[in-house]
């Protein structure tokens, strides 16, 4: 099976400088345009089914793709972005730091994110996130399609890379429609190619 794992495009939280996470922001007009333009890059790949996160910023990219692809379509809850930000989700970052100043002063929340192993108050654990991402990918490959698209979030890329592909590099950022192309055979995932995925050192 070949899997095209694709990150969603620009969403409203990027414009208002808000914490995304589990907040369900939609695409911006620019995000819709990027997704529409990307159709030319995927329309001839033989994609038989699209799996997507239920969040609007991913789901609506999948909708745009499927207007052209006309393939089967499924929402998979495990492909949701990681709830890193907990009570901060959906809030403007500057406002949130004033509103929850007492929490930001707590040493426990001085650093949070996927690679720190720590999420903000009300967030999900990294262990839970990794488990649901792995479960989602196991479900997708069990469907026995030849070629699929997966539209998801940056955190899912990080979990995929670290806990399914067992790679050590840290992903710093994934650009709009950044893509990891995987081949899956006999229980093993291998990377065929990547684009729009930016790495940094652990330190």
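Every read-out reported here was derived from the displayed coordinates using simple, explicitly stated rules and does not represent laboratory data. None of the values given here were measured: they were computed from a predicted structure. Here the Cβ positions follow ideal geometry from the backbone for every residue, glycine too, while neighbour counts run over all protein chains shown.
Order these by the 10 Å Cβ neighbour count, fewest first: 89, 159, 193. Don't skip to the end; give the middle numbers.
Details: 89 22, 159 25, 193 9.
Ascending number of Cβ neighbours within 10 Å: 193, 89, 159.
In deg cm²/dmol and to the nearest 500, what is the mean residue ellipticity at 222 nm of the chain if only DSSP H runs of at least 4 residues count, each as -39500 (n - 2.57), divided by the residue total? Could you put the intermediate results ahead of the total?
Values: 7 runs with 66 residues, N = 203.
It comes out at -9500 deg cm²/dmol, rounded to the nearest 500.
Return the single residue from 50, 116, 125 with maximal mean-square fluctuation; model: Gaussian network over the chain, springs between Cα atoms under 10 Å.
116
Mind jotting down the distance between the C-alpha centroids of the range 1-68 and the range 72-93, whole Å?
14
In nanometres, what is the gap between the two model label sites at residue 101 and residue 138, each 7 Å from Cα along Cα-to-Cβ?
4.7
For residue 147 and residue 173, calculate 0.36 nm times their separation in residues minus their Cα-Cα distance, and state this gained length in nm to one decimal.
Values: separation 26, 0.36 × 26 = 9.36 nm, distance 2.54 nm.
Fully extending the segment from residue 147 to residue 173 adds 6.8 nm.
What ranking do 130, 105 get, fewest neighbouring Cβ atoms within 10 angstrom at the top?
Exposure proxy ranking, most exposed first: 105, 130.
Give me the number: length gained by fully extending residue 71 to residue 92, i.e. 0.36 nm times residue separation minus the C-alpha to C-alpha distance, one decimal in nm.
On the way: separation 21, 0.36 × 21 = 7.56 nm, distance 3.71 nm.
Extending this stretch completely gives an extra 3.8 nm.
Along the Cα→Cβ direction, 7 angstrom out, place labels at residue 165 and residue 39. What is the inter-label distance in nm?
Here the answer is 2.8 nm between the modelled labels.
Compare 95, 85, 55 in a GNM of the chain, Cα atoms joined below 10 Å, and give the one with the largest fluctuation.
Taking springs between Cα atoms under 10 Å, the residue moving most is 95.
In degrees from 0 to 90, rounded to the nearest 10, what is the angle of the helix 126-141 Cα long axis to the longest principal axis of the chain?
10
Can you tell which of 114, 19, 184 shows the greatest fluctuation in a Gaussian network model of the chain with Cα springs below 10 Å?
Checking each option, the largest mean-square fluctuation is seen for 184.
Please determine, in degrees from 0 to 90 and to the nearest 10, the orientation of helix 56-69 with respect to the longest principal axis defined by the Cα atoms of the chain, where the helix direction is its Cα long axis.
10
Say each of residue 125 and residue 110 gets a label point 7 Å from the Cα, pointing the same way as Cα to Cβ; how far apart are those two points in nm?
Spacing of the two 7 Å Cα→Cβ label points: 2.4 nm.
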